[in-house]
Structures are given as structure tokens and as C-alpha cells.
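Read the structure below first, then the notes.
The values are calculated or read from the model by the stated rules, or taken from the named source; none is laboratory data. Everything numeric in this text was worked out from a predicted model, so none of it was measured. No Cβ is skipped: glycine too gets one built from the backbone with ideal geometry, and neighbour counts run over all protein chains shown.
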Amino acid sequence: MTTPEKRFSNDLYLAIDQGGHASRAIVFSNSGEIIAQSHRNLSINRHDETFVEHDPLELLASINDSINDVIQQLGDKAKNIAATGLATQRSNIVCWNKITGEALSPVISWQDVREHQWLKSLQSKAHFIHQKTGLFLSPHYGASKLRWCLQNITAVQQAQKNNELVMGPMASFILYHLADEQPLVADPSNASRTQLWDLITKDWHPDLLTLFEIDTELLPNCVPSNHPFGTLKVSGLSIPIQLCMGDQSAAMYAYGQVQPETAYVNTGTGAFVSRPSGYAMLFGRRLLTSVIYQNKEQSQYVLEGTINGAGSAIDFVSKELKLDNTLNNLSEWLHATRNEHDNDFKQLYLNGVSGLGAPFWVADFKSQFLHKSNDQDKIVAVVESIIFLIFENIKEMLKLSSPPEQIQMTGGLATQDEICQRLADLTKLAVYRPVECEATARGLAYKLANEPRIWPEKEVGTWFKPKTNTGLQARYKEWNSALLKALRD
């Protein structure tokens, strides 16, 4: 990575953020100022309740178009781009031909749970898998999806026979196509989400490969987050690709070094709750142990909880109810329910969209509303279910660490004042929302710029202090009881 003595005041950094609904290319200055940005939407193909995929060609095109757009916006300044990095959804996988680069499978999303039934056969190995990988036996992670591709896709099987198959994290597939050198490598935060990567050895674990029936030669080589991945050649420029991270990992560095007293909540397709544990690996009975960054010397870890249905749950229910412009109306609907007299709002939603994640881990949990109400109240109930699940994960973290002093909330749902306020009210913790809520690209740029001592926000963000909200507290208690009953049944 660029060293301090080689860094210049006019250096620029290209952050490539591939997310669930869009690919973004954002150029930052040395001081964290956005110089240019572009994005392209990405479609999600939901074939049924279990199969969730992206088209690999559309995905690559969305990335390349975004990059080309920002390069054009920069004009002559583009020559000042000192380095670029990539952040991606961590548990997505894809299979491709290592000779031609052709995708042999769809990009199978982390939301996909097609193998949840087969995974039950490995239940006796669940503790071993958790201790080795920090993950629970879940179809959201890559290993069962990779095995499914080997058993069900003819093109994958043929490429394996021809010794031309490579498979693994989506990030590896993207790096292969971005870099002129066509590397076959996997960074830690993406490799770890395959459920095949050992937290201690920082490499593929032979026993895990045997369990999931995957040969090690089919997988990319494991390298640190900070690594010479190759060269991005675009518009006559040769830009070093120096960093690859998971999107949730990068988001934690958006405003400098991670703070141990803070609980980080990042919302998008899903919602993710992270509590830094520094260089120590903490293992919770119902939480993930995740590596967020690794260089040659050391690794940094977090305790993590995942809510699978956040933005995706709002989208899913909106489509079921045939509602248009839900996000445009969300603020008004949330305020209306807060302002009702005598806490008349009663609707609750048990949220199993894309499976019930941490700290419950039920892949085939059936979502349901608990009371009859109008469509507007149902959407508000979906939003509150996300807040309730965030709270469940924060409570679980208290079993292993001291209470956080505050919550930092970023991502799409953080732009809603009422969501931030309700999270503060429920947790009794102050919630800080930065001015810029798209944290992934900013965190990537901070690392690319070699962690500048000064990486300020141009403006101070917004604090939401806890308020008394008896209606919310009562709904949470009823929701919690109903969820536990549904899990027992």
C-alpha cells in the first residue's frame, strides 16, 4: 500500500463498492473529500424463496461502467489516482473458467438458502465449524453453495474435468476481471465467508474442504487484505489494485480507526451489527467471529450479528402488498405511528426474509404479521422488526463484552431519522449518524490512503439521544415473546 513518504497531497483513491442493489465507483482525495462518483443499479433474481442470484455479466458491466464514468468525470485529474480497492458482499460466490474468465454459474447471493436442508446432515460438526471459521452452520455462507454448483451445473462439472474450473468468493471473480494480470486470489474477509477458511491458519482448512466435498485446487489462493492484486487498466491509465475487503468490514473504517466502545450498525440489503475486539478473537455462543482486515503482521476482528432481511425485507413486503414508492413514504408513515395517541399502533412482524439470522439462526423461518392492519402499518412493523433484531444482537454482545457507549449507524436505512431515534429509544444508547451514510467506499478509501491521521467529516453528523417510548418498548416485548414462541413451535 502507498507509504507515507510516497503519498502526495494531490493523490486520489478510487473505491469500488459492489453492493446488493448497485455498484459504485467513488474517488476520494487524501483528506476524505469525494471528488467524483458514479453508480449503476444491479438487478436481483429471486426465483423462489430460496434461490437468490445476480447475473455475472450484468454485475461486471455495472462495475466497469461506474469506473469508466468517474474516470471521464475526472478528466486530466484521473492521472492522480494513486491506488484503487474493492469492497464486495462477502458471502456471494461464483464459478468461472480460469482460462477464459467465463462465468459458469450465476453469482449466488449471500441471501440464497438453497442448501439449508442438506446442511442439517452436518449438524454434528457445527461446533467444530464455528471454532474453525467463526461462523455458524448456515446456508448463507459459500461452502454449501459451491458444493451445490459442483453437483448441479453441467458447465461447472465439465470445467472441473478439463482442469479449468475455479470457484470461490465473488470478490475473487471480480478481481480476476478487473486486474490485467487475472489473479486467482481471495482476501480474508471474503474467503472467511465461504466457511472453508481457518481463522488461525488464514488459509483453506483441509477438514472443512472434505466436509463440503470441495478440492483445494479449485479455490483461489489466500492473501492478506492489503496485497498487490494487480493493475486496473482503464482509459490509458494503469492503477494499482492494492486492497480488497468485505463491504461490512470496510464500512467500519469510514471515519478512521474503529473504536472499541462503539457498536457499528450498517444497513443495506441486510443489517449488520459489529463490536470491535481488536486483535483478539472473541467467540460468542450465537454470534459470528469475523476478521475485518489483515495485513502481513496482524489481523483485526469483530463480534458480529447479521440481520438478513433489512432493505430486502422492506422490498419483499412492499411487492407482496403491491405498494409503490415505499421508501419515499417511509418517513411520513414512521412519524405517523410515533404520534398516535395512547400508543395505538400495535402491528408486529416476525421477520424471516432470507432466513432468520443472528442470534437465532433459522434458515427456513416463516415470516408473519401478528395483527390485522393497513398496509402502511405493516411496512412500519417490518422496519421495527429490523430495529428489534439489531437490539437482540446488541444484547447478545453484552454477554462477552462491556456495554457500548454509543451506536454508529450508517447505510440506507440510517437516513431515516425515526429509525435512528427508535433504535436509541429501545437500546437506551445514543445513536450517531454521520453526514455521509454510505460508509463502505469511504472506509475503503481511508485504508487505501494509508490511514491518514486526519480524516474528518466536513460536517458533524446527527446524534439521537434516547427518549421514553413506552409503545415501542411494549411492542418489543410482545414481538420477543411471539418470536420465541414461533421458534419453539
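Looking across THR410, THR415, THR468, one residue alone is under 21 Å from GLY256 (Cα atoms), surrounded by fewer than 21 Cβ atoms within 10 Å (Cβ to Cβ) and not assigned by TED's automatic domain parsing to the domain that holds ASN30. It is THR415.
If you go through the range 169-192 and keep only what is closer than 16 Å to LEU288 by Cβ and in contact with a helix residue (DSSP H, G or I) (Cβ under 6 Å, 6 or more places away or on another chain), you end up with SER189, ASN190. In the range 140-171, the residue that is nearest to TRP204 (Cα to Cα) out of those that are in contact with a Cys (Cβ under 9 Å, 6 or more places away or on another chain) and among the β-branched types (Val, Ile, Thr) is VAL166. Going through (1) in contact with a helix residue (DSSP H, G or I) (Cβ under 8 Å, 6 or more places away or on another chain); (2) over 20 Å from ASP417 (Cα atoms) one by one, TYR446 falls short only on (1).
None of VAL460, VAL383 is among the aliphatic types (A, V, I, L, M) and either touching a Pro at 6+ places or on another chain (Cβ under 6 Å) or not in a helix (DSSP H, G or I) (or both) except VAL460. Only a single criterion out of (1) at pLDDT 95 or above; (2) in contact with an Asp or Glu (Cβ under 6 Å, 6 or more places away or on another chain); (3) over 23 Å from TYR141 (Cβ atoms) is not satisfied by ASN30, namely (1). GLU53: crowded, with 19+ Cβ neighbours inside 10 Å, modelled with pLDDT of 95 or more and either within 22 Å of the chain's Cα centre (by Cα) or assigned by TED's automatic domain parsing to the domain that holds GLY85 (or both), yes or no? Considered against the rule, which asks whether it is crowded, with 19+ Cβ neighbours inside 10 Å, modelled with pLDDT of 95 or more and either within 22 Å of the chain's Cα centre (by Cα) or assigned by TED's automatic domain parsing to the domain that holds GLY85 (or both), GLU53 comes out as yes. Here are LEU42, LEU74, LEU86: which of them is surrounded by fewer than 22 Cβ atoms within 10 Å (Cβ to Cβ), touching a strand residue (DSSP E or B) at 6+ places or on another chain (Cβ under 6 Å) and within 21 Å of THR267 (Cα to Cα)? LEU42 is the lone residue from the list that is surrounded by fewer than 22 Cβ atoms within 10 Å (Cβ to Cβ), touching a strand residue (DSSP E or B) at 6+ places or on another chain (Cβ under 6 Å) and within 21 Å of THR267 (Cα to Cα). For the range 346-366, indicate whether the set of residues that are touching a residue at least 24 places away in the same chain (Cβ under 8 Å), surrounded by fewer than 16 Cβ atoms within 10 Å (Cβ to Cβ) and either among the polar types (S, T, N, Q) or farther than 30 Å from SER144 by Cβ (or both) is non-empty. There is no residue in the range 346-366 that is touching a residue at least 24 places away in the same chain (Cβ under 8 Å), surrounded by fewer than 16 Cβ atoms within 10 Å (Cβ to Cβ) and either among the polar types (S, T, N, Q) or farther than 30 Å from SER144 by Cβ (or both). Every test in (1) aromatic (Phe, Trp, Tyr); (2) over 21 Å from ALA254 (Cα atoms); (3) exposed (fewer than 14 other Cβ atoms within 10 Å of the Cβ) is passed by TRP463 save one, and that test is (2).
Checked against (1) closer than 30 Å to ILE34 by Cα; (2) in a helix (DSSP H, G or I); (3) out of contact with any Gly (no Cβ under 7 Å at 6 or more places or on another chain); (4) touching a residue at least 40 places away in the same chain (Cβ under 8 Å), THR84 meets all criteria but (2). For the range 432-455, the condition holds for at least one residue, the condition being that it is surrounded by fewer than 13 Cβ atoms within 10 Å (Cβ to Cβ), touching a residue at least 40 places away in the same chain (Cβ under 8 Å), on the phi < 0 side of the Ramachandran plot and not assigned by TED's automatic domain parsing to the domain that holds GLU392.
Restricting attention to the range 303-334 and to residues that are among the polar types (S, T, N, Q), part of a helix (DSSP H, G or I) and touching a residue at least 60 places away in the same chain (Cβ under 8 Å), the residue that is surrounded by the most Cβ atoms within 10 Å (Cβ to Cβ) turns out to be SER312.
Applying the selection to the range 101-129, what residues are free of Cβ contacts under 8 Å to residues at least 24 places away in the same chain and assigned to a loop (DSSP other than H, G, I, E, B)? If the condition is that a residue be free of Cβ contacts under 8 Å to residues at least 24 places away in the same chain and assigned to a loop (DSSP other than H, G, I, E, B), then GLU102 is the only one that fits.
Within the range 130-146, residues that are in contact (Cβ under 8 Å) with a residue 24 or more places away in the chain and in a helix (DSSP H, G or I) have Cβ atoms under 8 Å from residues that are buried (at least 24 other Cβ atoms within 10 Å of the Cβ) and among the small types (Gly, Ala, Ser) in these pairs: THR133/SER192; GLY142/SER91; GLY142/GLY168; LEU146/GLY168, counting only partners at least 6 apart in sequence or on another chain. Yes or no: the range 201-222 includes at least one residue that is among the basic types (Lys, Arg) and either without any contact (Cβ under 8 Å) to a residue 12 or more places away in the chain or on the phi > 0 side of the Ramachandran plot (or both). So far as the range 201-222 goes, yes, one or more of its residues are among the basic types (Lys, Arg) and either without any contact (Cβ under 8 Å) to a residue 12 or more places away in the chain or on the phi > 0 side of the Ramachandran plot (or both).
The number of residues in the range 419-450 that are outside any loop (DSSP other than H, G, I, E, B) and under 30 Å from PHE8 (Cα atoms) comes to 10.
Note on the range 249-279: residues that are of a type in the set (Phe, Trp, Tyr) and under 15 Å from LEU303 (Cα atoms) amount to 3. Here the range 61-70 is the region considered, the condition is being touching a strand residue (DSSP E or B) at 6+ places or on another chain (Cβ under 6 Å) and of a type outside the set (Asp, Glu), and the residue that is farthest from SER238 (Cα to Cα) is SER62.
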